[in-house]
Amino acid sequence: MAKDRGKIELKGDEVQLVSFILGDETFAIDVAQVHEIVRLEKITTVPRMADFIEGVVNLRGQITTVIDMRKRFSMDSIERSVQSRIIIGEVGSFQFGMIVDAVSEVIRVSPDDIAPPPEIVTNNIDSSYLKGICKLPGNLVMLLNLDSILSEEEIAQIDKVADFGGGAVASPSMPVKIKED
Amino acid sequence: MNISKYNESFIGEANEQLTEMNKLLLILEKDHKNIDALNDFFRVIHTLKGTSAILGHMEIQNVSHLMEDLLDKLRSKEIDFNQENIDILFEGVDTLETMIDNVAKEKKQIHGKELISKLNASLISEAEKTADKESNTADEILDLKDIIFMLKPEEKKTLGAEIKKGSNTSLITIIIDEKCKLVEGRAHQIFRDLKEFGSIIRSVPDKEEIGILEGSRSFQIIFSTSKNEEEIEDVIYQTPEVNNIISEPIDSLSNQKVEENNRSKTISAGETIRVNVQLLDALLNLVGENMINNIQINQIASQHKNKNLDVALKASNRLTEDLQHYVLQMRMVPIDHIFRLFPRMVRDMAKDGDKEINLVLEGGDIEMDRGLLDEIGDSLVHLLRNAIDHGIEPSDARMKAGKEKAGTIRLSAHRDQSYIVIDISDDGKGIDVDRLTKAAIEKGNVSEKDAEAMNVDERLSLMFLPGVTTAKEITDISGRGVGLDVVYSKINSLGGTVNIKTDVGKGTKMTIKLPPTMAIIKALLINIGDETYALPLENVAETVLINHEMVHTVGKRDMFKLRDEILPLFDLNNEFIGASTRDDSGLSAVIVEKDSTRVGLIVNDFIGQQEIVVKTVGGELRRSKYFSGATILGDGSVAMIIDVGAFT
């Protein structure tokens, strides 16, 4: 379904983007990669995962991983507000949620308005997470590359964080079993 | 009659019969004197012949018919049992398989002419030895009962009507002289002449098929007429080269007998039915949804404290449980469904590769979900092919290495808790890890630097990357470097794992571990911090309250004594949140067990037992060794299912 939407856009000379706020910045994701936008609901935390993995939610019976985008980009955490939303994105067949401060609007831009990402964007955000920069009147929108947010390498990185960061005793070592005589 | 409706069950049955025949042939190949196997084979092919005839699959009928002839002669020792005969029979089974596949795919049917002439040759050459020219015929003359059994319903109806009308109905067997060059031409003449005096209800074989079989000189017709037997025979003898005519009148009595036979068959056929797997899937999903719904209703009811409601709900719960039990039961099939296909496959591949291989199958009775079994079939074939092609060495190489001449491949299934584990091990040459690593570097799958940093297991897992192969030669079945990566991603997508262990010169063992698709399990719900977690009940040995004094620290580990056993103790608060649960009243611990290792887990609270629907988790969560999945609780929130294996 999402792919179809993508195809239609290519025919026209316009790209539709869902824009959202994170701190002082405005980001956007290609509409084709957005499955839906939901309000914050009870998120079940999953221990021993990278800290930006907030947990899982029940999205109509489907267990969906939710990541905190502020933590993902090493921004300061803030109190969640009524404005906070979870954007459910799709990469391939994999679905995941992203907590953002607020969703602002769906914008239509011409592909010409999208410039390649500069080397240094902000202190926190690596340019590899970006597809490009959209220059709008009075606003600069960073177009996110969803694939890299949860790419294989990223996940491998996350795994390492989860494995070594926990300081756990519960490593899969030999079982200890002492019998007393 | 809508034939296509019956074809579906015919195909299903026929495929089972093919598998059975392959199995029996393998037995016969090893033991030519096994009369039981021979009799079983005969019975199976006879059934196939019958059903294919009913549905009008004449090609299948012809081939099975000839195979039956051959078997009959083998059974009566008219023909010696030799490898040649076995090979022809194998070929016959293959041809039948193609034909049945053609029926399934509604493709144009083959005649299997090559096979038919081979089968005929095997029959004829023996016949010549006995110098009995009269039996030099490819076609069996069926008796009346068989032919009536083969009739299509509308033909049966016509026949019944004709008998009722008082017509002379008879089965006429016409044998054409063996010098005749064009049997079908003579048949055409006879058919044409007879039509003037009555109606041909059925001919065997069909008119178009007469003469197609090499050496076939006879055909049979069911004819109804107002003339008498002699008059009709005269008509037939007008056609040249007719050697003999046998007429057998059909009266109502024999017809009735057949009807009775058919009736008793229908009754026994009602014990099992074939159901589309998709329907079973849908049913299972519905049961799952229903259970979640039930949990919700129960929670609401617990707030109302209405006794009648509780009683009614209890009954409803029990019914749902039963329903779930039966639905799961319906989906379970023994793993043998796939295993039994392998002996034949391995035999053929071993023969092609000039290798001797013993295939040992173990645990075929382990039952698993039908859907899952279908999913893993191809992967097992891949792994077996790898073992045959790259694992087992040719006989001479094995002798040189001081091994048994014949290699052994062991395919074994067993259960580990709810997991299903399938091992495929061979006693072949093992995997050369260095060569594998080199191949992966050459392919660009891994950099030299990264490869150096890898341990043996990590290097072995390079095998699962696309395009990596150590095979020097590409054979038709494997070596192209596709396969293992497909296996790996397939098993992964099912939530399972693949492991390799190899010992150069001694062999390789691949282990597939599959999660239960038992979508519904019993679990103990516990609290840790603010969250609810589920522990699969099959891992829970008991729950205990322990005092602080019972806990001792050995090295970095907490241990405690349960009766005469010292168990490691993990505080899940500490493990999951980094906070400790040490209050004075004592500690709630769950003793869990996996692979016969027991540990204690300290939790905040026990909530209770409940049936939960296991949901898979996506992507990176699946990599977590602490959780095997998640479930949705009655209030709609998610609870992670703890994988006890992380602690044992």
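Fully extended, how many nm does the chain gain between B:S580 and B:E321 (0.36 nm per residue separation, minus their Cα-Cα distance)?
That pair, B:S580 and B:E321, stretches by 89.4 nm at full extension.
Could you put B:D571, B:D146, A:D76, B:D426 in order, starting from the residue whose Cβ has the fewest other Cβ atoms within 10 Å?
The most exposed by this proxy come first: A:D76, B:D146, B:D571, B:D426.
Is the shape of segment B:3-135 best called rounded, prolate or oblate, per the rule: a/c under 1.5 gives rounded, else a/b larger than b/c gives prolate, else oblate, with a ≥ b ≥ c the square roots of the Cα gyration tensor eigenvalues? It would help to have the intermediate numbers written out before the result.
Numbers: a/c = 2.12, a/b = 1.53, b/c = 1.38.
Verdict is prolate for segment B:3-135.
Describe numerically, in nm with one decimal, the distance between label points set 7 Å from Cα along Cα→Cβ at B:K522 and at B:K77.
6.0
Counting only residues 5 or more places away or on other chains, whose amide H sits under 5 Å from the amide H of A:V91 once H atoms are built in the peptide plane?
Answer set, sorted by chain and number: A:F96.
From the backbone phi of segment B:204-212, what are the Karplus-calculated ³J(HN,Hα) couplings (6.51 cos²θ - 1.76 cosθ + 1.60, θ = phi - 60°) in whole Hz, Gly and Pro given as x?
For segment B:204-212, the Karplus-derived couplings read 10, x, 4, 3, 5, 8, 4, x, 5 Hz, x marking Gly and Pro.
What net charge is computed for the residues neighbouring B:E209, neighbours being all others with C-beta under 10 Å from the C-beta of B:E209, Lys and Arg scored +1, Asp and Glu -1?
-3
Given a cut-off of 28 Å, name the pairs among B:K30/B:K403; B:K113/B:K355; B:K351/B:K443; A:K71/B:K625; B:K73/B:K355; B:K108/B:K351 whose C-alpha atoms lie farther apart than that in the structure shown.
From B:K30/B:K403; B:K113/B:K355; B:K351/B:K443; A:K71/B:K625; B:K73/B:K355; B:K108/B:K351, over 28 Å: B:K113/B:K355; B:K351/B:K443; B:K73/B:K355; B:K108/B:K351.
Along the charge dipole of segment B:336-514, Cβ charges K/R +1 and D/E -1, which of B:T508, B:L465, B:G428 sits furthest on the positive end?
Positive-most Cα among the choices belongs to B:G428.
Using amide H atoms built 1.01 Å from N in the peptide plane, name the residues 5+ places from A:A50, or on other chains, whose amide H lies under 5 Å from its own.
Here A:A162 satisfy the definition.
Take the alpha carbon gyration tensor of segment B:336-514, find the square roots of its eigenvalues, order them as a ≥ b ≥ c, and report rounded if a/c is under 1.5; if not, report prolate when a/b exceeds b/c, else oblate.
Oblate is the answer for segment B:336-514, as a/c is 1.5 or above yet b/c matches or exceeds a/b.
Counting only other chains, what is the mean number of Cβ atoms within 10 angstrom of the Cβ of each residue in peptide B:597-605?
Average neighbour count from other chains, rounded to a whole number: 1.
With +1 on each Lys and Arg Cβ and -1 on each Asp and Glu Cβ, how big is the dipole of segment B:520-646 about its Cα centre, in debye rounded to the nearest 20?
420
Take the alpha carbon gyration tensor of segment B:277-334, find the square roots of its eigenvalues, order them as a ≥ b ≥ c, and report rounded if a/c is under 1.5; if not, report prolate when a/b exceeds b/c, else oblate.
prolate
If you take each beta carbon of peptide A:46-56 and count the beta carbons of other chains within 10 angstrom, what is the mean? All intermediate terms of the calculation are to be shown ahead of the outcome.
Working: counts 11, 15, 8, 6, 1, 0, 0, 3, 0, 4, 10.
Neighbouring Cβ atoms belonging to other protein chains average 5 per residue here.
Treating only the Cβ atoms of Lys and Arg (+1) and Asp and Glu (-1) as charged, compute the dipole magnitude of segment B:336-514 about its Cα centre; round to the nearest 20 debye.
Dipole size: approximately 300 debye.
All other residues with a Cβ under 11 Å from the Cβ of A:V38 taken together, and with Lys, Arg as +1 and Asp, Glu as -1, what is their net charge? Numbers along the way, then the final one.
Values: positive: A:R39, A:R60, A:R85; negative: A:E36, A:E41.
Local charge sum for A:V38: +1.
Count the net charge of all other residues whose Cβ sits under 15 Å from the Cβ of B:R331, scoring Lys and Arg as +1 and Asp and Glu as -1.
-3
Return the inverse of the average 1/r over all pairs of distinct C-alpha atoms in chain B, which is the Kirkwood hydrodynamic radius, in Å to one decimal.
Taking the inverse mean of 1/r over all distinct Cα pairs, chain B comes out at 30.5 Å.
Using the C-alpha gyration tensor of segment B:520-646, what are the square roots of 5 times its eigenvalues, in whole angstrom, with the largest one first?
Values: eigenvalues 124, 45, 41 Å².
Whole-Å semi-axes of the equivalent ellipsoid: 25, 15, 14.
Once both labels are modelled 7 Å past Cα along the beta-carbon direction, what's the B:N102-B:K157 spacing in nm?
Between B:N102 and B:K157, the label points sit 3.0 nm apart.
Could you give the size of the charge dipole of segment B:144-264 about its Cα centre, using +1 on the Cβ of each K and R and -1 on the Cβ of each D and E, expressed in debye and rounded to the nearest 20?
For segment B:144-264, the charge dipole is close to 400 debye.
For B:D457 and B:L286, FRET efficiency with R0 = 41 Å and r from the beta-carbon atoms, rounded to 0.05?
Computed FRET efficiency for B:L286 and B:D457: 0.45.
Ranked highest first by the average count of other Cβ atoms within 10 Å around their residues, in what order do B:33-46, B:59-72, B:547-560 fall?
Descending packing order for the listed peptides: B:59-72, B:33-46, B:547-560.
What are the ³J(HN,Hα) couplings of segment B:608-614, residue after residue, when phi is run through the Karplus curve with 6.51, -1.76, 1.60 and θ = phi - 60°? Round to Hz, x for glycine and proline.
Karplus values, whole Hz, x for Gly and Pro: x, 8, 7, 7, 10, 9, 6.
Quote the FRET efficiency, to the nearest 0.05, computed for B:K513 versus B:Q189 with a Förster distance R0 of 45 Å and r equal to the Cβ-Cβ distance.
Between B:K513 and B:Q189 the formula returns 0.05.
Skipping prolines and chain starts, which residues have an amide H placed within reach, meaning under 5 Å, of the one on A:L59, given they are 5 or more residues away or on another chain?
Under 5 Å from the amide H of A:L59 lie the amide H atoms of A:T64, each far enough along the sequence or on another chain.
Just checking the output field for A:35-44: average partner chain Cβ neighbours within 10 Å of each residue's Cβ?
Shielding by partners across A:35-44 averages 2.
Using each residue's phi in segment B:448-456, evaluate 6.51 cos²θ - 1.76 cosθ + 1.60 at θ = phi - 60° and report the 3J(HN,Hα) Karplus result to the nearest Hz, with x for Gly and Pro.
Whole-Hz 3J(HN,Hα) from phi for segment B:448-456: 4, 5, 5, 4, 5, 7, 8, 8, 4.
Can you pull the one-decimal nm distance between simple spin-label points at B:T47 and B:E362, each 7 Å off the Cα toward Cβ?
A separation of 3.1 nm, rounded to one decimal place.
Starting from the Cα-Cα distance between B:E178 and B:K501, subtract it from 0.36 nm times their residue separation and give me the gain in nm to one decimal.
Result: 109.8 nm gained on full extension.
Which of B:M21, B:G636, B:V204 sits farthest toward the positive end of the charge dipole of chain B, with +1 on the Cβ of Lys and Arg and -1 on the Cβ of Asp and Glu?
Of the options given, the answer is B:G636.
Quick one: if the Förster radius is 51 Å, what FRET efficiency do B:D530 and B:H111 give, using the C-beta to C-beta distance and rounding to 0.05?
With a Förster radius of 51 Å, E is 0.10.
The numbers here are math on the coordinates, done by the rules we state, and not lab data. Values in this document were obtained by computation on a predicted structure and should not be read as measured data. Positions of Cβ are generated from backbone atoms using ideal geometry, with glycine treated the same way; all protein chains shown enter the neighbour counts.
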